[in-house]
Amino acid sequence: MVLFFGIISCENEETTSSAETTQVMPAKKRASASIGIVGDPDDIATQTSGGTMLMGGSTDVDEAMLWMIDKSGGGDIVVLRSAGTDAYNQYLFDLGNVNSVETLLIDSRDKANDPNVEATIRNAEAVFIAGGDQYNYIQYWKDTKVENALNYLRNTKKVVIGGTSAGCAILGGIYFDAANGTIRSEEALQNPYHKNLTLQKHNFIDNPFLRNVITDTHYDNPDRRGRHITFLARVNKDWDIRGKGIGVDEKTAVCIDDNGKAIVFGIGYAFFLNQYFYGPERCQPKRSLDWYRNRRAVEVYKVPGTTSGENHFSLETWNNGSGGGWQYYYADRGRLKISY
């Protein structure tokens, strides 16, 4: 089955056959969280290859979905969400060659620990996490059978996992959990320890190449960028990590293969952020962020999306790409600036 979220190690992974290398868990009955399935309800096992798909929100990117379907080998796709409908089922089934598409609405920890929910996820050949409220995903799914099943898929069975908007926000090894609600860039830049700026690390989905990466979406809204650099400042200040970030515009997606090649599909841009060298000069509660470093605090590779996906960036090296260009983000007394 394929799982769609709407995402850690730095090791390359090889394409494997789930039928040959994994033990399929029988789903004895439809999971309590199932709100619909199209296609063949009987499970099949196909040859899959791992990957991660990060989508920026709004209209879904067909080319990225087809990339995910191809990685599934035409198997069973599972869509995960905590609210909403089964609208992805028919869309994905009609888009590509798949055995089935099923949506699980997992809106409680009881459902997240249902053995039949776990079996349905483990039997998937791809997973997609829909948009919504990312804190619901954390409070309902973290430290449950759902979390275990997702990490099994990504790192043992070698199955692609994707997500859009809130589903993308939880796929990094470091993530903004929105436990106290969202935060605007102005609020974050003026006070990096604002009560709404709540981060977690290395305790949920273990995605290759994304261990020290924090994602953000709807990036064509300029307000997202100031908070993203503040996330990275906090990561360095609090945990002594030279963090990285991936920002994705709406109607755009980043598809990461097993070699760390991040292909950009869609009509917008993807942004790959990397702390250039030193951490912030000032990152303190109730004080504006100052991360100047000669106007080179965070280096950013900006890549335009296309329908054919010829533009890309390497998450293995974080310094090699094609079709994009370099720029730098820095914070000057609580204001985001960009240099070239």
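The values are calculated or read from the model by the stated rules, or taken from the named source; none is laboratory data. Note that this is a predicted model, so its numbers are computed, not measured. Note that each Cβ is placed from the backbone with ideal geometry, even for glycine, and that neighbours are counted across all protein chains shown. In case anyone asks, the SASA skips ligands and DNA or RNA and just uses the protein heavy atoms, side chains included. Shrake-Rupley method; radii C 1.70, N 1.55, O 1.52, S 1.80 Å.
In nm, what is the difference between 0.36 nm times the number of residues separating residue 221 and residue 62 and their Cα-Cα distance? Don't skip to the answer; put the middle values down first.
On the way: separation 159, 0.36 × 159 = 57.24 nm, distance 2.19 nm.
Additional length available on full extension: 55.1 nm.
Ignoring everything but the protein chains, give the 1.4 Å probe accessible area of residue 267 in square angstrom, nearest 10.
140
Compute the distance in nm between two label points, each set 7 Å from the Cα along the Cα-to-Cβ direction, one at residue 203 and one at residue 274.
About 2.9 nm, to one decimal.
Per 0.36 nm of contour for each residue apart, how much would the distance between residue 316 and residue 87 grow if the chain were fully extended, relative to their Cα-Cα spacing?
Numbers: separation 229, 0.36 × 229 = 82.44 nm, distance 3.53 nm.
So the extension gain works out to 78.9 nm.
Using bins 10 angstrom wide from zero, how does P(r) for the chain break down, in % of all Cα pairs?
Going out from 0 Å in 10 Å bins, the chain shows 6, 29, 35, 21, 8, 1, 0 percent.
On the protein heavy atoms, probe 1.4 angstrom, tell me the percent of accessible surface of the chain carried by carbon and sulfur. It would help to have the intermediate numbers written out before the result.
Numbers: 5520 of 12980 Å².
Using a 1.4 Å probe with all protein chains present, the chain comes out at 43 percent carbon and sulfur.
Using heavy-atom solvent-accessible surface (probe 1.4 Å) with all chains present, what is the largest-first order of 312, 228?
Numbers: 312 50, 228 0 Å².
Greatest to least solvent exposure: 312, 228.
Quick check for you: with a 1.4 Å probe and neighbouring chains kept, what is the accessible area per residue of region 247-340, in Å²?
Numbers: 4270 Å² over 94 residues.
Accessible area per residue, region 247-340: 45 Å².
Cα-Cα over 28 Å: which of 142/237; 157/302; 142/195?
Among 142/237; 157/302; 142/195, the Cα-Cα distance tops 28 Å for 157/302.
How large is the charge dipole for the chain, taken about the Cα centre, if only the Cβ atoms of Lys, Arg (+1) and Asp, Glu (-1) carry charge, to the nearest 20 debye?
Working: 36 positive and 42 negative charges, 347 e Å.
Using Cβ point charges on Lys, Arg, Asp and Glu, the chain gives about 1660 debye.
Considering region 50-185, what Rg and Dmax in Å follow from its alpha-carbon atoms?
Here Rg and the maximum Cα pair distance are 13.9, 43 Å.
If the cut-off is a Cα-Cα distance under 16 Å, which aspartates and glutamates reach residue 251, setting aside same-chain residues fewer than 8 apart in sequence?
60, 62, 63, 216, 220
Which order do 286, 145 take by accessible area at a 1.4 Å probe, largest first?
Order by accessible area, largest first: 286, 145.
Check the straight Cα-Cα distances from residue 201 and name the aspartates and glutamates below 14 Å, setting aside those fewer than 8 residues away within the same chain.
Output for residue 201: 143, 177, 238, 240.
Determine the per residue accessible area of region 134-184 with all protein chains present and a 1.4 angstrom probe, expressed in square angstrom.
Numbers: 1270 Å² over 51 residues.
With the other protein chains kept in place, region 134-184 gives 25 Å² per residue.
Viscosity 1.002 mPa s, temperature 20 °C: Stokes-Einstein D of region 169-261 from its Kirkwood Cα radius, in µm² per second?
Working: Rh = 13.5 Å.
It comes out at roughly 159 µm²/s.
Run through the DSSP bridge list for the chain and note the antiparallel percent, rounded to the nearest 5. Please report the intermediate quantities before stating the final value.
Numbers: 47 of 73 bridges.
Roughly 65 percent of the beta bridges in the chain run antiparallel, per DSSP.
Quick one: Debye curve from the C-alpha atoms of region 189-336, no solvent, what's log10 I(q)/I(0) at q = 0.14, 0.15, 0.19, 0.21 Å⁻¹?
Each listed q maps to, in turn, -0.64, -0.74, -1.15, -1.34.
Principal axis extents for region 269-315, Cα atoms only, whole Å, descending order, please.
Principal-axis extents of the Cα atoms in region 269-315, largest first: 45, 21, 17 Å.
Students sometimes get this wrong: rank 328, 219 by accessible area, probe 1.4 Å, all chains present, largest first.
Details: 328 30, 219 0 Å².
Correct descending sequence by accessible area is 328, 219.
Please compute the net charge surrounding residue 251, taking Lys and Arg as +1 and Asp and Glu as -1 over other residues with Cβ under 10 Å from its Cβ. It would help to have the intermediate numbers written out before the result.
Numbers: positive: none; negative: 60, 220, 249, 250.
Surrounding charge for residue 251 is -4.
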